[in-house]
1. Identify the single condition in (1) at the interface with another protein chain (Cβ under 7 Å from one of its Cβ atoms); (2) part of a loop (DSSP other than H, G, I, E, B) that B:Val115 does not satisfy, given that it satisfies every other one.
2. Taking the options A:Leu173, A:Leu162, A:Leu157, name whichever one is free of Cβ contacts under 8 Å to residues at least 12 places away in the same chain, in a loop (DSSP other than H, G, I, E, B) and open to solvent by 10 Å² or more (accessible area, probe 1.4 Å).
3. With A:Ser147, A:Ser90, A:Ser155, A:Ser96 as the choices, which residue is within 20 Å of the chain's Cα centre (by Cα) and farther than 19 Å from B:Ala104 by Cα?
4. Scan region B:95-108 and give yes if some residue there is assigned to a loop (DSSP other than H, G, I, E, B) and more than 7 Å from chain A (Cβ to nearest Cβ), otherwise no.
5. Name, by its number, the condition in (1) at pLDDT below 95; (2) surrounded by fewer than 19 Cβ atoms within 10 Å (Cβ to Cβ) that does not hold for B:Val126.
6. I need a count of the residues in region B:13-43 that are at the interface with chain A (Cβ under 7 Å from one of its Cβ atoms), surrounded by fewer than 19 Cβ atoms within 10 Å (Cβ to Cβ) and in a helix (DSSP H, G or I).
7. Pick out the one residue from B:Leu55, B:Leu7, B:Leu90 that is open to solvent by 40 Å² or more (accessible area, probe 1.4 Å) and either at pLDDT 95 or above or more than 7 Å from every other protein chain (Cβ to nearest Cβ) (or both).
8. From A:Ile71, A:Ile87, A:Ile109, A:Ile65, which residue is in contact (Cβ under 8 Å) with a residue 60 or more places away in the chain and at the interface with chain B (Cβ under 8 Å from one of its Cβ atoms)?
Amino acid sequence: MNILTQPWPWYIAGPLIGLMVPLLLLAGNKAFGISSTLRHICAACIPTQAKFFKYDWKAESWNLIFALGMIIGGFIAGYLLQNPNPIELSESAVESMNKLGVKNYSGLIPQDIFNFQQLLTVRGIILMVVGGFFIGFGTRYAGGCTSGHAIMGLSNLQMPSLIATCCFFAGGLLMTWFILPYIMNL
Amino acid sequence: MKNFRFLLIGMLFGFILIKAEVISWFRIQEMFRFQSFHMYGIIGSAICVGMISLLIIKKYKIKTFSGEEIKIAPKEFTKGNVIGGLMFGLGWAMTGACPGPLYALIGSGLPIIIVPLASAIIGTYVYGILKDKLPH
């Protein structure tokens with residue numbers, strides 16, 4: 001049972017994630033990617049005249065079912081088989097995050113920053129609402145996310161995916177090193 | 001249900017994401033601060049395995065389980081790869097999540113993550129409306 005509750009090392013988890021690429025191709029000629037689900041949800045749920053959402057989203061419903069599966073998989077792994085121990089971070093990371101004002105290290109995310117009360121604070125709104133908006137707008141504008149570009153695209157030797165992945169990283173570094181310290185102090 | 005297999009594969013993927021801890025805001029911070037090899041090891045080995053799998057599929061012209069020829073659409077370069085990519089990067093470091101992890105985190109018992117997910121859906125919607133006015 002231990003292996004099911006303990007976190008997995010990178011050399012187990014990474015190759016398993018990579019196997020998603022051939023698995024989805026063999027199972028139905030599907031390209032691995034998650035951010036498109038956000039577009040399908042818009043097309044299915046929000047009435048609009050925008051051409052971008054006028055397509056047969058039902059033909060892509062496998063992607064939504066896949067996302068539903070991820071919620072269930074998350075429930076099994078993160079709730080039913082929850083790791084009883086706190087996450088094992090490097091000492092230097094804890095030190096850096098202490099400086100940012102993080103106090104609660106008990107779960108997978110800092111629950112003192114990501115909770116419903118924090119939605120009443122400027123910091124909480126920026127991190128959760130603006131951050132979420134950037135994910136949705138940015139991934140669609142970029143044509144994919146970490147799975148579609150960084151894993152699927154790079155596996156398929158796509159130059160646009162390499163450019164996009166470098167930009168994902170550049171954006172993340174810019175936020176972490178230069179902007180996040182200010183947001184966390186709000 | 002013809003899509004049932006994708007539910008199972010999704011479950012497997014959600015499970016792996018949680019056990020790999022790649023959905024953790026802490027781990028994403030650790031990655032962007034270069035304080036641990038964990039995330040780099042995961043992304044790097046995932047790409048290697050994906051790449052080798054595709055080479056094998058192409059070399060031996062392996063077909064899908066139902067016998068179809070495997071086709072992968074190429075990605076086309078647009079300015080969005082850069083501008084949108086940078087924007088997503090900012091959001092990735094703020095929320096500590098990309099689209100996949102949002103779903104897995106909600107499932108793991110964190111209903112608060114519905115907020116960034118809803119916001120991401122709105123972000124995609126706004127992109128769809130503005131698409132023709134943006135540089136591509």
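The values are calculated or read from the model by the stated rules, or taken from the named source; none is laboratory data. Small disclaimer: the values here were computed from a predicted structure and weren't measured. With ideal geometry, Cβ positions are generated from the backbone for all residues, glycine too; neighbour counts draw on all protein chains shown. Note: areas computed on protein heavy atoms with side chains; ligands, DNA, RNA excluded. Shrake-Rupley method; radii C 1.70, N 1.55, O 1.52, S 1.80 Å.
1. With respect to (1) at the interface with another protein chain (Cβ under 7 Å from one of its Cβ atoms); (2) part of a loop (DSSP other than H, G, I, E, B), B:Val115 is out only on (2).
2. Numbers: A:Leu173 fails: in a loop (DSSP other than H, G, I, E, B); A:Leu162 fails: in a loop (DSSP other than H, G, I, E, B).
Exactly one residue qualifies, and that residue is A:Leu157.
3. On the way: A:Ser147 fails: farther than 19 Å from B:Ala104 by Cα; A:Ser90 fails: within 20 Å of the chain's Cα centre (by Cα); A:Ser96 fails: within 20 Å of the chain's Cα centre (by Cα).
Exactly one residue qualifies, and that residue is A:Ser155.
4. Pass one, region B:95-108, residues assigned to a loop (DSSP other than H, G, I, E, B): B:96-98, B:108.
In the following step, the residues that additionally are more than 7 Å from chain A (Cβ to nearest Cβ) were identified as B:97.
Within region B:95-108, one or more residues are assigned to a loop (DSSP other than H, G, I, E, B) and more than 7 Å from chain A (Cβ to nearest Cβ).
5. Failing condition for B:Val126: (1).
6. Qualifying residue count, region B:13-43: 1.
7. Working: B:Leu7 fails: open to solvent by 40 Å² or more (accessible area, probe 1.4 Å); B:Leu90 fails: open to solvent by 40 Å² or more (accessible area, probe 1.4 Å).
None of the other options fit; the residue is B:Leu55.
8. Of the residues listed, the single one that is in contact (Cβ under 8 Å) with a residue 60 or more places away in the chain and at the interface with chain B (Cβ under 8 Å from one of its Cβ atoms) is A:Ile87.
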